[in-house]
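Q: Got a structure for you, written out below as structure tokens; questions coming shortly.
The values are calculated or read from the model by the stated rules, or taken from the named source; none is laboratory data. As the structure is a prediction and not an experimental result, all values here were calculated from the model. Cβ sites come from the backbone with ideal geometry, for glycine too, and all protein chains shown count toward neighbours.
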Amino acid sequence: MIWYYIDETVTDGERRKGPYNIDEIRDFVKDGVVKDDTLVWHSGMENWIPWKDTEESKDAPLSEEEQIKAALEAIIAEHNKGKRYAGFFVRGIAYFIDNFILGVVGVLLIMLLGALGAIDINAVGDAMNAYINDPTSDKALMGVLNLPGMHLFLAIWGILQGIYFIVFTAIKSATPGKMIVRIHVESSKGENVSWLESTVRFFGSLFTQCTLAFYGLGYLIVMIDPKRRALHDYVAHTRVVYNPKKK
């Protein structure tokens, strides 16, 4: 069977290309020369029709790249079968537990800095009491931040937070808070999170925290997203799921 197609890129002269056999036409389809809407004709046809409307287009074998992609999608679909994504509230509980742990670490760090003379613990206590009594006061907040040694404390504590979230997520796929409520983080392909993904996820979470100024939209999208992803999950291509049940 002899095939022809219309080359739309030709604006002057003969636009009909051919003759070709069906295998050559399919090669043109793989290379993007013949597209779904490209008009084709073969002997026995009354009129030219788009390639996508031919019976041969429906029977065209997949390219090697398409076969690999289809196989990977099938593996991922099978792996994800029956998975439950962790919602807003269970993730909130895990986050509260993690921050309680980090809060204890922060207190211990202040005590250590106080013992080393890098910070005045009594001054910290007075400043924190003033802030707790009036948390909306800029003066009270600045009183805490401007204490001698406070910038050193915040720098060290920030580094410790980064280590806490990045290391636990990369090695265990979950922080202690997530372990307690039996959820973990995985990549969009259902694999363990890499060090790079864990790092990107942590810094993405800092940006998510900034959305608290906009009613916490970076967190609230978990409630409407089908896979329960927060903003930093989108950034790092991760998701949080319940641990599989033990058989």
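Q: When both residues are 6+ apart or on different chains and their Cβ atoms are under 8 Å apart, which pairs have a first residue that lies in the range 133-149 and is on the phi > 0 side of the Ramachandran plot and surrounded by 12 or more Cβ atoms within 10 Å (Cβ to Cβ), and a second that is assigned to a loop (DSSP other than H, G, I, E, B) and among the aliphatic types (A, V, I, L, M)?
A: Close Cβ pairs satisfying both conditions: G149/A118; G149/I119.
Q: Follow-up. Mind checking which residues of the range 8-59 are of a type in the set (A, V, I, L, M, F, W, C) and in a loop (DSSP other than H, G, I, E, B)?
A: Those that are of a type in the set (A, V, I, L, M, F, W, C) and in a loop (DSSP other than H, G, I, E, B): V10, V33, V34, M45, W48.
Q: In the range 127-204, which helices (runs of 4 or more DSSP H) lie fully inside it and hold 3 or more residues that are under 18 Å from the mean Cα position of the chain (by Cα) and under 30 Å from N243 (Cα atoms)?
A: 150-172
Q: Another question, then. Please verify whether the range 223-244 includes one or more residues that are in the same structural domain as A118 (by TED's automatic domain parsing), aromatic (F, W, Y) and touching an Asp or Glu at 6+ places or on another chain (Cβ under 9 Å).
A: Checked the range 223-244: at least one residue is in the same structural domain as A118 (by TED's automatic domain parsing), aromatic (F, W, Y) and touching an Asp or Glu at 6+ places or on another chain (Cβ under 9 Å).
Q: Working carefully through the options S188, S198, S173, find the one that is in contact with a strand residue (DSSP E or B) (Cβ under 6 Å, 6 or more places away or on another chain) and either in contact (Cβ under 8 Å) with a residue 60 or more places away in the chain or closer than 25 Å to F89 by Cβ (or both).
A: Numbers: S188 fails: in contact with a strand residue (DSSP E or B) (Cβ under 6 Å, 6 or more places away or on another chain); S198 fails: in contact with a strand residue (DSSP E or B) (Cβ under 6 Å, 6 or more places away or on another chain).
Being in contact with a strand residue (DSSP E or B) (Cβ under 6 Å, 6 or more places away or on another chain) and either in contact (Cβ under 8 Å) with a residue 60 or more places away in the chain or closer than 25 Å to F89 by Cβ (or both) holds for just one of S188, S198, S173, which is S173.
Q: Mind listing just one residue for me: the one in the range 103-126 that is touching a Pro at 6+ places or on another chain (Cβ under 9 Å) and outside any helix (DSSP H, G or I) and, of those, farthest from Q161 (Cα to Cα)?
A: Filtering the range 103-126 for residues that are touching a Pro at 6+ places or on another chain (Cβ under 9 Å) and outside any helix (DSSP H, G or I), the one farthest from Q161 (Cα to Cα) comes out as D120.
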